[in-house]
Amino acid sequence: MTHLSVSNVCKSFGSVPVLVDQSLDVEEGEFVALLGPSGCGKSTLLQIINGLVPADRGTILLDGKDITGRTGAGRGMVFQGADLFPWRTALENVAFGLEVMGVGKAERLEQARHYLHLVGLRGFEEAWPHQLSGGMQQRVGIARAFCIRPSLLLMDEPFGALDVQTRDILQDELVRIWEAERKMVLFVTHGIEEALYLADRILVFSKRPAHVLREIVVPFERPRREEMKLDSTFLELRREISDLLRHDIHA
Ligand SMILES: Nc1ncnc2c1ncn2[C@@H]1O[C@H](COP(=O)(O)OP(=O)(O)OP(=O)(O)O)[C@@H](O)[C@H]1O
Ligand SMILES: [Mg+2]
């Protein structure tokens with residue numbers, strides 16, 4: 001069974017502790033959102049799980065394997081602002097991970113085309129990143145992460161810089177793809193509504209050094225609908241999380 005297990009991760013930058021004994025688990029097929037104040041250590045945690053930043057201590061297990069400090073292997077990451085290679089076309093950007101994994105050209109381009117179409121970019125295979133809008137670049141970033149068929153998707157405010165309409169569309173696309181492939185998702189956001197709309201479970205982090213203030217199992221059935229945002233339980237939870245974050249910042 002697929003499973004992510006983060007145990008007792010510690011990380012300081014110089015004398016500043018950012019993560020102290022941070023532990024969390026994500027179960028097979030689970031969508032977990034992380035909320036927390038700016039600078040509390042969310043991106044650092046994602047980067048450590050992705051192997052891009054070394055932890056001072058602690059272990060990361062993915063599907064039972066120790067992946068602490070290693071990149072690749074089962075993880076796809078979507079960064080805020082997409083972070084595409086400007087010298088590669090949209091299709092080549094999506095195929096990048098498979099290329100690194102040594103997949104042959106015909107096979108990787110076919111896979112990349114499939115995911116590019118899935119995020120609604122049919123016809124833009126040969127476009128360069130600078131020819132795409134911010135929202136389209138973000139879609140390419142999502143397709144790139146899905147294309148390696150990771151068991152774990154790490155998403156760091158993937159929709160943070162987008163306009164509301166594009167964000168709503170991409171949220172629904174993300175859920176659609178996630179439901180089809182049932183990956184584990186760890187999704188960082190500042191949007192309380194976004195977290196409630198997308199996630200099975202929400203972890204609310206404190207200010208730095210981050211610890212979990214509250215864990216919320218989101219009680220809404222899937223498929224989620226726009227109308228749920230007017231539901232009284234939704235509004236209560238939104239209020240509760242917002243109060244929690246506000247009090248913590250001033251504590
Ligand atoms: N490479 C680095 N060198 C030094 N300090 C760093 C580095 N990366 C992050 N930090 C510090 O670690 C803390 C946590 O940063 P991080 O980017 O993880 O926060 P975050 O929760 O993702 O915030 P935001 O919501 O604003 O994206 C901050 O105080 C930041 O200054
Ligand atoms: Mg961040």
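We did not get these values from a lab; they are worked out from the coordinates using the rules stated. Because the structure is a prediction, the values reported are computed rather than measured. Virtual Cβ from ideal backbone geometry, glycine too; neighbours counted across all protein chains shown.
Residue pairs whose Cβ atoms lie under 8 Å apart, separated by 6 or more positions or on different chains, with the first residue in the stretch 98-116 and more than 24 Å from residue 135 (Cα to Cα) and the second surrounded by 18 or more Cβ atoms within 10 Å (Cβ to Cβ), are 99/108; 101/148; 103/111; 107/98. In the stretch 147-172, which residues are in contact with a strand residue (DSSP E or B) (Cβ under 7 Å, 6 or more places away or on another chain) and either within 16 Å of ligand 1 (Cβ to nearest atom) or farther than 21 Å from residue 60 by Cα (or both)? Within the stretch 147-172, 154, 155, 156, 157, 158 meet the criteria. Counting the residues of the stretch 65-90 that are within 15 Å of residue 150 (Cα to Cα) and more than 16 Å from ligand 2 (Cβ to nearest atom) gives 9. Would you mind listing the strands (runs of 3 or more DSSP E) fully within the stretch 21-105 where at least 1 residues are surrounded by fewer than 19 Cβ atoms within 10 Å (Cβ to Cβ) and within 16 Å of ligand 1 (Cβ to nearest atom)? Passing ranges, in order: 57-62.
Looking only at the stretch 1-14, count every residue that is assigned to a loop (DSSP other than H, G, I, E, B) and more than 11 Å from ligand 1 (Cβ to nearest atom) and tell me the total. Before the answer, list the steps.
Applying the first criterion (assigned to a loop (DSSP other than H, G, I, E, B)) to the stretch 1-14 yields 1-2, 14.
After this cut, where a residue has to be more than 11 Å from ligand 1 (Cβ to nearest atom) as well, the list is 1-2.
Within the stretch 1-14, residues that are assigned to a loop (DSSP other than H, G, I, E, B) and more than 11 Å from ligand 1 (Cβ to nearest atom) number 2.
Applying the criterion of being in contact with a strand residue (DSSP E or B) (Cβ under 9 Å, 6 or more places away or on another chain) and of a type in the set (Lys, Arg) to the residues of the stretch 173-211, the residue that is surrounded by the most Cβ atoms within 10 Å (Cβ to Cβ) is 183.
For the stretch 206-251, enumerate the residues that are part of a helix (DSSP H, G or I), in contact (Cβ under 8 Å) with a residue 60 or more places away in the chain and under 27 Å from residue 179 (Cβ atoms). Explain how you work it out, then say what you get.
Quick first cut of the stretch 206-251, residues part of a helix (DSSP H, G or I) only: 226-230, 232-250.
Filter once more, keeping what is in contact (Cβ under 8 Å) with a residue 60 or more places away in the chain: 241, 245, 248-249.
Result: 241, single match.
Of all residues in the stretch 154-168, those being outside any loop (DSSP other than H, G, I, E, B), more than 16 Å from ligand 2 (Cβ to nearest atom) and either crowded, with 23+ Cβ neighbours inside 10 Å or not aliphatic (A, V, I, L, M) (or both) number 4.
Please go through the stretch 96-112 and give me each residue that is in contact with an Asp or Glu (Cβ under 9 Å, 6 or more places away or on another chain) and under 12 Å from residue 148 (Cβ atoms), ordered by number. Hits for the stretch 96-112 are 98, 99, 108, 112. Restricting attention to the stretch 106-137, report how many residues are out of contact with any Pro (no Cβ under 9 Å at 6 or more places or on another chain) and assigned to a loop (DSSP other than H, G, I, E, B). The number of residues fulfilling the criteria is 11.
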